Amino acid sequence: MPPPHQFDTIILGAGAAGLLCAATAGQRGRRVALLDHGSLPGRKILISGGGRCNFTNIHCEPNRFLSQNPHFAKSALALYTPRHFIELVEKYNIPYHEKTLGQLFCDHSAHAILNLLLAECERGKVEHVPNAHSIQVERNSSGFRIQCAQGEFHSESLVIATGGLSIPKLGATSFGYDLARQFSLTVIEPRPALVPLLLGGKEADWTQLAGVSTLVRVATPNTKTTFVEKLLVTHRGLSGPAILQISSYWKSGQPIEIDFAPELAKGSKILTQVFEGRRDITTLLKALREFLPQRLAEHLSQTAAPKSWSNPALEACEQTLRHYPLHPTGTEGFLKAEVTAGGIDTANLQARTMEARNTPGLFFIGEVVDVTGHLGGFNFQWAWASAFAAGNAL
């Protein structure tokens with residue numbers, strides 16, 4: 001039997017967080033092994049942002065993240081800001097551009113970001129070990145013992161960067177959560193986030209509008225969080241940035257509320273033409289077409305039509321169009337979810353280092369932790385920030 005491989009630090013998971021953490025620790029002089037059960041690193045990076053990698057967001061504030069402890073992410077996000085990663089991108093002469101709402105994308109391919117991270121790992125003399133299947137972890141007096149298909153590895157410290165459950169075809173598994181439970185850490189129930197919603201029952205007829213897109217404000221009841229972005233109707237329900245955003249806050253059985261005129265000036269009305277002109281279905285449809293695509297206007301002229309043409313009935317119709325209720329029957333699940341909400345309870349971790357409070361030398365970073373960003377580069381920024389925090393503590 002060959003002797004075990006000895007390292008200062010072992011990192012499990014060669015995604016965004018694992019790669020940057022390995023590079024950070026390696027460049028500090030730590031001997032680092034980066035183990036991954038896949039054959040290729042960074043697969044989720046390569047599909048992100050439509051293949052152009054939305055690598056951060058310049059408006060990265062703590063309120064853009066969802067967690068049972070909304071304050072937990074503040075320390076790491078302050079330690080490693082979007083500017084830090086932008087400087088790394090510029091160091092490698094990667095052209096990028098800003099899209100709407102502060103989102104930064106590569107001009108060309110997401111491969112540029114992956115190549116940057118691999119180059120940084122090479123600078124840190126990180127040893128990448130792919131195809132590390134069947135990983136088993138034990139803790140002993142000198143640190144951690146990892147047994148896998150590629151042999152036996154020993155280290156003083158261990159970082160779990162294995163991600164969540166989203167997009168299983170890219171290799172997502174429950175390994176990180178299972179390992180946390182092995183070391184008596186609490187796991188907040190993982191759920192799909194940034195995911196399309198399904199419609200059924202009486203609202204199944206919405207799917208006949210598949211392909212229709214429009215700007216809306218969307219909210220869930222009893223939350224102060226709203227999003228003004230595009231909604232897209234699909235053949236199964238609703239998607240688009242607005243829906244992906246609110247899906248992270250939506251709970252089964254809840255409705256969502258849609259404002260079909262989010263940019264309408266205060267005091268103005270969608271139905272002004274109806275109030276001031278002929279009160280009939282033709283004028284109603286004309287008024288709706290001022291704000292909405294034709295197919296959607298026609299649909300709402302039927303489903304949200306006033307019960308009569310009196311002022312109170314028109315006022316009620318106006319309110320319906322500004323707070324239109326829909327009742328999702330579920331989500332598209334982890335298969336289509338961009339990220340996983342829930343995960344390792346942050347009460348178990350040190351906020352400045354990501355180290356487990358009950359197990360010195362054990363760290364959890366990235367998506368496996370109960371910190372979930374909004375759509376638009378925030379989850380990558382959490383990956384970079386939590387990775388840098390742990391990498392500097394190893």
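Read-outs: derived from the displayed coordinates by stated rules, not from any lab. These numbers come from a predicted model, not from an experiment. Every residue, glycine among them, receives a Cβ derived from its backbone with ideal geometry; neighbour counts consider all protein chains shown.
Table for the structure above
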read-out: log₁₀ of I(q)/I(0) at q = 0.09, 0.10, 0.15 Å⁻¹ - the chain, Debye sum with one point per alpha carbon; value: -0.58, -0.69, -1.24
read-out: Cα centroid separation, the stretch 122-155 to the stretch 262-287 (Å); value: 65 Å
read-out: Exposure proxy order (Cβ contacts within 10 Å, fewest to most) of Asp259, Asp280, Asp370; value: Asp280, Asp259, Asp370
read-out: Antiparallel bridge percentage (DSSP; both residues within the chain; nearest 5); value: 70 percent
read-out: Phi to ³J(HN,Hα) by Karplus 6.51 cos²θ - 1.76 cosθ + 1.60 over the stretch 181-187, Hz, x for Gly, Pro; value: 5, 4, 9, 6, 8, 7, 10
read-out: Inter-probe distance in nm under a simple model that places probes 7 Å from Cα toward Cβ, at Ala305 and Ala265; value: 3.2 nm
read-out: Exposure proxy ranking, count of Cβ atoms within 10 Å, fewest first, for Val371, Val212; value: Val212, Val371
read-out: Within a Gaussian network of the chain (alpha carbon springs, distance under 10 Å), most fluctuating of Glu332, Glu138, Glu229; value: Glu138
read-out: Extension gain from Arg139 to His235, taking 0.36 nm per residue of separation minus the Cα-Cα distance; value: 29.6 nm
read-out: Cut-off 11 Å between beta-carbons: net charge of the residues surrounding Thr223, Lys and Arg +1, Asp and Glu -1; value: +1
read-out: Average Cα contact separation per residue, the stretch 197-331, under 8 Å, 6 or more apart, as relative contact order %; value: 29 percent
read-out: Helix axis angle, 16-26 relative to the chain longest principal axis, alpha carbon, degrees; value: 30 degrees
read-out: Rounded to 10°, Cα long-axis angle of helix 311-322 versus longest principal axis of the chain; value: 20 degrees
read-out: Centroid-to-centroid separation of the stretch 308-335 and the stretch 207-260 [C-alpha atoms, Å]; value: 11 Å
read-out: Nitroxide proxy distance, nm - points 7 Å out along Cα→Cβ at Thr272 and Phe183; value: 6.1 nm
read-out: Mean Cβ count within 10 Å, highest first, over the residues of peptides 48-56, 61-69, 201-209; value: 48-56, 61-69, 201-209
read-out: Per-selection Rg to Rh, the stretch 87-172 - Cα, Kirkwood hydrodynamic radius; value: 1.08
read-out: For the stretch 259-387: Kirkwood Rh in Å [reciprocal of mean 1/r, alpha carbons]; value: 18.8 Å
read-out: For Leu349, residues with placed amide H under 5 Å, excluding near neighbours; value: Arg357
read-out: FRET E, pair Glu152, Gln208, Förster distance 56 Å, beta-carbon r, rounded to 0.05; value: 0.45
read-out: Degrees between helix 378-393 axis and first principal axis of the chain (Cα, 0 to 90, nearest 10); value: 20 degrees
read-out: Peptide ranges 93-101, 21-29 listed from the most packed, as the mean C-beta count within 10 angstrom indicates; value: 21-29, 93-101
read-out: Residue order, fewest to most surrounding Cβ atoms within 10 angstrom, among Val369, Val228, Val137; value: Val228, Val137, Val369
read-out: Length released on extending from Ala313 to Glu122, taking residue separation times 0.36 nm less the Cα-Cα span; value: 61.9 nm
read-out: The stretch 57-104 versus the stretch 338-394: alpha-carbon centroid distance in Å; value: 14 Å
read-out: Stokes-Einstein D in µm²/s, Kirkwood radius over Cα pairs - the stretch 197-331 at 4 °C with 1.567 mPa s viscosity; value: 85 µm²/s
read-out: Listed residues Ser134, Val195, Ala172: farthest to the positive end of the dipole of the stretch 122-224 (Cβ charges); value: Val195
read-out: Extended-chain gain in nm, criterion 0.36 nm per residue less alpha-carbon gap, Arg295 and Asn63; value: 79.9 nm
